[in-house]
Amino acid sequence: MLGAAVLVSLRTFRMLLLLCTNSLILKSSGDGSISSFQPITALMGDDVILPCGLKNPTDVSSKTVVWTKPSLDPLFIHVYQSGRLVHQVQHPSYRYRTTLFEDQLLNGNVSLKLLRVKISDAGTYVCSIQLMEMKASVLLIVGAASSPVIDLANFDGDDGRWVLRCQSSGWRPQPELSWLDSEGHVLPAGPTQTLRGPGDLYSVNSTATVGKKNGNRFTCRVQQKHINQMRETHVQLQAHPNTSSDYTWLWVLCAVSAVLILLIICVAIKMIINYYTRRDQRPETRDLDRKTETEKCQRFLFSE
């Protein structure tokens, strides 16, 4: 058992020695046999491909392919040797998150797929093919973005102005915040407050005071040009409650209500009058009245 452990240690040492020796050779080669690439931008949590490959298609499936990140210790991100990934030298933060396109090694494609990108993954990566004196580097820019939220901070009833607040959390790098009116014009607003929180993520918030002249639809826009990300949220406000038009409608509503109440009272009074009128005109009531009149006449005649 001890002999097996020593054997593994010797193999690891030989591999490290080979990698370090070839790294020195690659630094002085610079023959440009591997294609160069523009910076790659990815959002936190996404999967990204770091491109790297030979200009002339060549089978490298039997070669040792090494991906490193010079700013780390250990610097090895992915080491492909003898048809498998060498876990012993891989940086712990990249474990189970890297893979090569093994079916593309026949064409000289040694691109690296990085899963579930983190903010800390940002930086320069170097790919190399050992014993071929070939290497290239690619810059990975990692960003984060989130949609803003708008709420009502205050309402000034005297001036008829709304005070709106917009805030957005979870940005990287630091974003810019702006307010737009319904026609897309930038609105004057208070200074943007920025807070750098856990994970080097930024939160921004700002307030804007708007009135009737600005319309009733407003947009809060948060953007980061370096990662080409923009998020917007819109809000539709109701008419300002202290405008003259609102008071006009209020007076009209009161007048209509008063008229309806008067009509109801009149109808009720008329119904009561009609009820007693019909009651007095019933036959039994009329007979009783005639009988009373007859008795009065008889008493008058016999009294004579």
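The values are calculated or read from the model by the stated rules, or taken from the named source; none is laboratory data. A quick note: this is a predicted structure, and the numbers were derived from the prediction, not measured. Every residue, glycine among them, receives a Cβ derived from its backbone with ideal geometry; neighbour counts consider all protein chains shown. We work out accessible area using only protein heavy atoms, side chains counted, and drop any ligands, DNA or RNA first. Shrake-Rupley method; radii C 1.70, N 1.55, O 1.52, S 1.80 Å.
Values computed for the structure shown
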{"read-out": "Residue 182 long-range amide H proximity, modeled H, under 5 Å", "value": "217"}
{"read-out": "Cut-off 13 Å between beta-carbons: net charge of the residues surrounding residue 206, Lys and Arg +1, Asp and Glu -1", "value": "0"}
{"read-out": "Local electrostatic count, residue 150, Cβ distance below 13 Å [Lys/Arg +1, Asp/Glu -1]", "value": "+2"}
{"read-out": "Viscosity 1.567 mPa s, 4 °C: Kirkwood-radius Stokes-Einstein D of region 114-242 over Cα pairs, µm²/s", "value": "76"}
{"read-out": "Accessible area of region 56-161 divided out per residue, in Å², using a probe of 1.4 angstrom", "value": "48"}
{"read-out": "Accessible carbon and sulfur surface of region 38-162 relative to its total accessible area, %, 1.4 Å", "value": "50"}
{"read-out": "For residue 100, net neighbour charge (Lys/Arg +1, Asp/Glu -1) across residues whose Cβ lies under 12 Å away", "value": "+1"}
{"read-out": "Over region 99-140: Kirkwood hydrodynamic radius from C-alpha pairwise inverse distances, Å", "value": "11.8"}
{"read-out": "Probe 1.4 Å - accessible area at residue 103, Å² to nearest ten", "value": "110"}
